[in-house]
Amino acid sequence: MMWYGGWGWSGFLMTVIMVVFLLLLIVGVVALTHYLTNTRRGHQPGPPSGEAAWGSRRAEDLLAERFARGEIDEDEYKRRLTLLREQR
């Protein structure tokens, strides 16, 4: 029941606190949604990372080893290296 002329400062303060709480709750839900949708997109633009980068680097290393051992000549090495880099 309202005594002595209304809610006064305590009513105003409770209203302000409730509005701030609701705004923080909404911002939190939006931030969480943004975070979850960005991590599920997968590949971000930029240099390759993770297993794909490791696989392409490993293929180039193997090719360099074969060239160093003399299993393939320079022309073959350059041709295969170009093909590997085009496939990224």
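The values are calculated or read from the model by the stated rules, or taken from the named source; none is laboratory data. Only a predicted model underlies this, so the values are computations on that prediction, with no experimental measurement involved. FYI the Cβ positions are ideal-geometry reconstructions off the backbone, even for glycines, and counts take in every protein chain you see. Note: areas computed on protein heavy atoms with side chains; ligands, DNA, RNA excluded. Shrake-Rupley method; radii C 1.70, N 1.55, O 1.52, S 1.80 Å.
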Out of all the residues in the range 68-82, which are open to solvent by 80 Å² or more (accessible area, probe 1.4 Å) and part of a helix (DSSP H, G or I)?
Ala68, Arg69, Glu74, Asp75, Lys78, Arg79, Arg80
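Can you report the number of residues in the range 18-67 which are out of contact with any Phe, Trp or Tyr (no Cβ under 6 Å at 6 or more places or on another chain), open to solvent by 60 Å² or more (accessible area, probe 1.4 Å), at pLDDT 60 or above and within 24 Å of Thr82 (Cβ to Cβ)?
Of the residues in that region, 6 qualify.
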